[in-house]
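Read the structure below first, then the notes.
Nothing in this text is a laboratory measurement; each read-out follows from the coordinates by a stated rule. Keep in mind the model is a prediction, meaning the values are calculated, not measured. Cβ sites come from the backbone with ideal geometry, for glycine too, and all protein chains shown count toward neighbours.
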Amino acid sequence: MSEPLHTVYVPRDAAALSVGADETAAAIRAEATKRGIPLRIVRNGSRGMLWLETLVEVETPEGRVAYGPVMAEDVAGLFDAGFLEGADHALAHGLTEKIPYFAKQERLTFARCGIIDPLSVEDYRLHGGFRGLERALAMTPAEIVTEVTESGLRGRGGAGFPTGIKWNTVLNAQAEQKYICCNADEGDSGTFADRMIMEGDPFCLIEGMTIAAIAVGATEGYIYIRSEYPHAVATMREAIRLAYDEKWLGDEIHGTGHRFHLDVRVGAGAYICGEETSMLESLEGKRGTVRAKPPLPALEGLFGKPTIVNNVLSLTSVPIILDKGASYYRDFGVGRSRGTLAFQLAGNIKHGGIVEKAFGVTLHELLYEFGGGTITGRPIRAVQAGGPLGAYLPPSLFDLPKDYEAFAAVEAMVGHGGIVVFDDSVDMAKQARFAMEFCAAESCGKCTPCRIGAVRGVEVMDHIIAGEKVAANITLLNDLCEVMTDGSLCAMGGMTPIPVRSALKHFPEDFTRSPAAVAAE
Amino acid sequence: MNARSPWSEERATAVIAANRHLRGALLPMLHALQEEFGCIDEEAIPLLARELNLSRADVHGVVSFYHEFRRSRPGRHTIKVCRAEACQSMNADGLIDHIRRRLKVDFHETTADDAFSLEPVFCLGNCALAPAVMVDETLHGRVSPARFDAITASTLATEAVR
């Protein structure tokens, strides 16, 4: 009797690859061959427990057993210990789904990520894939839009605009051509959820975009992915090819009269192209300068036609809403923040990764119960929530629930769900200076408050850091922030003052340390 | 490994033609040219302008807007080091100091032996495993100075095998 075929999962997610997943997979393959053990290695996405990468999982009758972080040199020892039967080992974590970090999550958007083979249509279908689209194909466009509206889904890119209302505007626009554009220009530091789902469950994005297309009568779509994400680009392109082969894209989607064509376009290292109108300019082959609004992209978007521009996580939340119904999704969350968000724990954090939870979870729970505090073991002094344009928050605000309105009330934002953690070695004046420096480097240059304001902001911060006329320069900095906030065309210049002012408000002591005082310490 | 074919108008024309069918084709054309030649050669500007019925100034404006497009040929490998907040929180600044000293170059420069071009980048999407560095298209996480040295050494060793 031949031995049963063992199945081992080794992620192909870029984060896992960055700590040697390919080498680990090759070592497992070589060791199995050496020992004459038949083995099937599935290259899945990541489960999102990134401190455990490379997280190797073994299929057992009880479920998948996790081992991590597994380096190539650990592999022989794992075979010796009998890991193919799920045996104990110093790197063993028991059943993956019982690991508290994972078990305590509410995985709706990321339900399949890390579980399936991302490039298997069959695996996708076995795990509930395309059920939302199948249901949508039997509905009228207005019914689909109503379903999305009633789910309470809001734009996950950061702005939080109700997705259904945007779709309705495009649905009601009269035009011979409409477009669906997915904004996958995930440039915020501390965010990687778009990348992870594109690499771990790419068909989910294809399905969400196709549902959007049917809902508003669009026949062409683009996914605009940043050039810093070569793995996501490759995975999405391959998934699109497979979807065409299986008739989930093309002229007759799944035997119906619906037509939808989808293509990937690659950015070129410009943060501003995450702003929707700038992204549209870039897709048209131009400089990525922002457009004045109105007209809204929903009415005059790509090539001047009505266009849905949605973030990856908005679109990947659509399939489950169509599959399980608006009320299923809406039942998660609090207040006007419905459903779940994939929070991303990043920076100086012990247990970094994806935590998909319903809105209402507090920063404290995310940082300590999930994150386990800093990796350096020092106290957390500040977190930046919502990307480089998000506020720096002190521990006194960590009880704040993650909810669009609760965050807005303290001049902060949930944004795309990224949370960057800093320990007590952080210099907040330096962080404020960086916010201005980043804006100066990445401003599209169209409006003066952003283009010139950011440069002046760096200069003023340099004076403050050098201890020159600190009080007068702080007044000047506040004035400058006000001009940028009120006078900028888009969020880049308009929100750069948020990290600056929050740093000043919550950590004023870092701005008043003259070099002489620091030297005396 | 960066492609760095010498400029060939014939080849450039073919690369441009292969992307002619796309709408908003300028960025895909620029990416394809850079993949072939390692940079956007000055000679490519009039070819693109003619193809897309744009002025040379328009094309130049697009090339210069995006950080990714280079105007000069890179070294054999490109090293992108993340400078953004998540990596800062894990002392990316210290790593960057080490890299500058080690390679004896600053950002946007190429080492004397033509092996590495050093570029800053704002976020590689590996923020839970900071600091992050990308060498060509290979992403590396938790990059300490020692690990950086090992990565560059193995990049050169792989090159020698070829």
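Can you give the translational diffusion coefficient of the range B:57-105 in µm²/s, computed by Stokes-Einstein from the Kirkwood radius over Cα pairs at 4 °C and 1.567 mPa s?
Working: Rh = 13.2 Å.
Reported coefficient: 98 µm²/s.
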Per-residue HN-Hα couplings for the range A:265-274, Karplus 6.51 cos²θ - 1.76 cosθ + 1.60 at θ = phi - 60°, whole Hz, x for Gly and Pro? 10, 10, x, 9, x, 10, 4, 4, 5, x
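For chain A, report the translational diffusion coefficient in µm²/s to the nearest whole number, using Stokes-Einstein at 37 °C, 0.692 mPa s, and a Kirkwood Rh over Cα pairs. Let's see the in-between values first.
Values: Rh = 24.1 Å.
Taking Rh from Cα pairs, D becomes 136 µm²/s.
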Please tell me the relative contact order of the range A:428-520 in percent, rounded to the nearest whole number, where contacts are Cα pairs under 8 Å and at least six residues apart. 37
Debye sum, Cα scatterers, chain B, no solvent: what log₁₀ I/I(0) at q = 0.12 1/Å? -0.60
In square nanometres and to one decimal, what's the mean projected area of the convex hull around the Cα atoms of the range B:77-161? 4.9
Lone cysteines, chain B (no partner Cβ under 4.7 Å): B:Cys39, B:Cys123, B:Cys127
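Can you name the helices of chain A, as whole DSSP H runs, whose Cα span along the helix axis is 18 Å or more and whose Kyte-Doolittle mean is not below 0.5? Provide the component values of the computation, followed by the final result.
Details: long enough: A:21-35 (21 Å, -0.63); A:202-216 (22 Å, 1.86); A:230-245 (23 Å, -0.08); A:312-324 (19 Å, 1.35); A:428-442 (21 Å, 0.13); A:448-465 (25 Å, 0.56); A:470-487 (25 Å, 0.72).
Long hydrophobic helices here: A:202-216, A:312-324, A:448-465, A:470-487.
Rounded, prolate or oblate: which one fits the range A:240-290, using the alpha carbon gyration tensor with axes a ≥ b ≥ c (rounded when a/c is under 1.5, else prolate when a/b beats b/c, else oblate)? Could you put the intermediate results ahead of the total?
Working: a/c = 4.20, a/b = 2.76, b/c = 1.52.
Prolate shape, in that a/c is at least 1.5 and a/b is the bigger ratio.
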Entries in A:Lys247/A:Lys357; A:Lys178/A:Lys402; A:Lys446/A:Lys505; A:Lys247/A:Lys293; A:Lys166/A:Lys293; A:Lys247/A:Lys286 that, when Cα-Cα distance is taken, lie over 26 Å: A:Lys247/A:Lys357; A:Lys178/A:Lys402; A:Lys446/A:Lys505; A:Lys247/A:Lys293; A:Lys247/A:Lys286
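Please give me, ordered by residue number, the GluC sites (Glu not before Pro) of the range A:238-269 that lie in loop per DSSP and have at most 11 other Cβ atoms within 10 Å. Working shown, then result.
Values: sites: A:Glu238, A:Glu246, A:Glu252; in loops: A:Glu246, A:Glu252.
Within the range A:238-269, the qualifying GluC sites (Glu not before Pro) (loop, at most 11 other Cβ atoms within 10 Å) are A:Glu252.
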Per the rule of 0.36 nm per residue minus the C-alpha distance, extending A:Ser327 to A:Asp462 adds in nm 43.4 nm
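So what are the range A:428-520's ellipsoid semi-axes, whole angstrom, largest first, if each one is the square root of 5 times an eigenvalue of the alpha-carbon gyration tensor? Intermediate results must be reported in sequence, preceding the final value.
Values: eigenvalues 113, 26, 23 Å².
Semi-axes (√(5λ), whole Å): 24, 11, 11.
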Counting each DSSP H run of 4 or more residues in the protein assembly as shown as -39500 (n - 2.57), what helix-only mean residue ellipticity at 222 nm follows after dividing by all residues, to the nearest 500 deg cm²/dmol? -12000 deg cm²/dmol
Along each principal axis, Cα extent of the range A:279-331, largest first, Å: 41, 19, 15
What does the convex hull of the Cα atoms of the range A:88-235 come to per residue, in Å³, rounded to a whole number? 153
Would the range A:6-103 count as rounded, prolate or oblate if I go by the C-alpha gyration tensor, calling it rounded below 1.5 in a/c and otherwise prolate when a/b exceeds b/c, oblate otherwise? oblate
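Roughly what % of Cα-Cα distances in the range B:9-65 sit above 18 Å, to the whole percent?
Numbers: 301 of 1596 pairs.
Roughly 19 percent, rounded to a whole number.
Viscosity 0.890 mPa s, temperature 25 °C: Stokes-Einstein D of the range A:127-330 from its Kirkwood Cα radius, in µm² per second? All intermediate terms of the calculation are to be shown ahead of the outcome.
On the way: Rh = 16.5 Å.
Once the numbers are plugged in, D ends up at 148 µm²/s.
Filter the chymotrypsin sites (Phe, Trp or Tyr not before Pro) in the range A:414-521 down to the DSSP loop ones having no more than 14 other Cβ atoms within 10 Å, then list what survives. Could the numbers behind the result be given before it?
Details: sites: A:Phe422, A:Phe434, A:Phe438, A:Phe511; in loops: none.
Loop-located and lightly packed - none at all.
Two-decimal Rg/Rh of the range A:337-423 from alpha-carbon positions, Kirkwood Rh? Don't skip to the end; give the middle numbers.
On the way: Rg = 11.4 Å, Rh = 12.4 Å.
Expressed as Rg/Rh, it is 0.92.
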How high is the relative contact order of chain B, in percent, counting Cα pairs under 8 Å that sit 6 or more residues apart? 20
In whole percent, what relative contact order does chain A give with Cα contacts below 8 Å and a gap of six or more residues? 13
